[in-house]
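Structure first, commentary second.
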Amino acid sequence: MSPAENLDPLPDPFILQPPAFHPVVPYVTTIFGGLRAGKMVMLQGVVPLDARRFQVDFQCGCSLHPPPDIAIHFNPRFHTTQPHAICNTLQGGRWQAEARWPRLALRRGASFRILFLFGHEDVKVSVNGRHFLQYRYRLPLSRVDTLGIFGDILVKAVGFLNINGATSLGRQVLERLRELRVSGTVQLYCVHH
């Protein structure tokens, strides 16, 4: 980052845990304090040109046997004639009814930034600054304590943010949040008006 950019780091109450940079996929990590309304997860990366599918799972634990419940399974699929995204929930080893979004907002060979914003009743997902989908919880959000990323994806950065912390600092912080930037080192920053 050059000094001419005049950027300020996000305030400490906004960042919940250290971000992960260039993690190897499959990537599984603990979400410090678990998930609750007001948290946001930022995922920045690239979809490989030969990608078939990837998934981002918000899990209830990280056991292998039995597999953990998955409260939110976000699964973009590129290998079909009409690329689409699936959301679903795995409970007790059984998948529930899938929710499908036919107009996939991600492209093979393209960079992306996905935001998962957790509310009281649902998660809102945006891709590259545009609302993409909303998925209602089928398991209590309070059970989620693990993030898993699997499949055909190159992850540049994963960030864990607190929207509630930003609200106490004023709505301007949210309005000024620009991006999770990757350029040698990754920095979270806000832009001055």
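The values are calculated or read from the model by the stated rules, or taken from the named source; none is laboratory data. The model shown is predicted, which means the values in this text are computed figures rather than measured ones. Cβ atoms come from the backbone with ideal geometry, glycine included; neighbour counts cover every protein chain shown. Surface areas here come from the heavy atoms of the whole protein model, side chains and all, with no ligands, DNA or RNA. Shrake-Rupley method; radii C 1.70, N 1.55, O 1.52, S 1.80 Å.
List of remarks:
- Taking 0.36 nm per residue of separation and subtracting the current Cα-Cα distance, fully stretching the chain between residue 103 and residue 50 would add 17.2 nm.
- Radius 14 Å from Cβ of residue 138, net charge of other residues (Lys, Arg +1; Asp, Glu -1): -2
- Annotation: average projected area of the range 21-146 is 7.8 square nanometres, based on the convex hull of Cα atoms across all directions.
- Extension gain for the segment residue 17 to residue 64, taken as residue separation times 0.36 nm less the Cα-Cα distance, is 14.5 nm to one decimal.
- Residues of the range 44-146: accessible area per residue with a 1.4 Å probe, Å²: 52
- Sorted peptide list for 153-164, 18-29, 131-142, criterion being average Cβ within 10 angstrom, highest first: 153-164, 131-142, 18-29
- Annotation: extensible slack from residue 32 through residue 81 equals 13.7 nm (criterion: 0.36 nm per residue apart, minus Cα-Cα distance).
- Distant-in-sequence amide H partners of residue 78 (H built 1.01 Å from N, under 5 Å): 53
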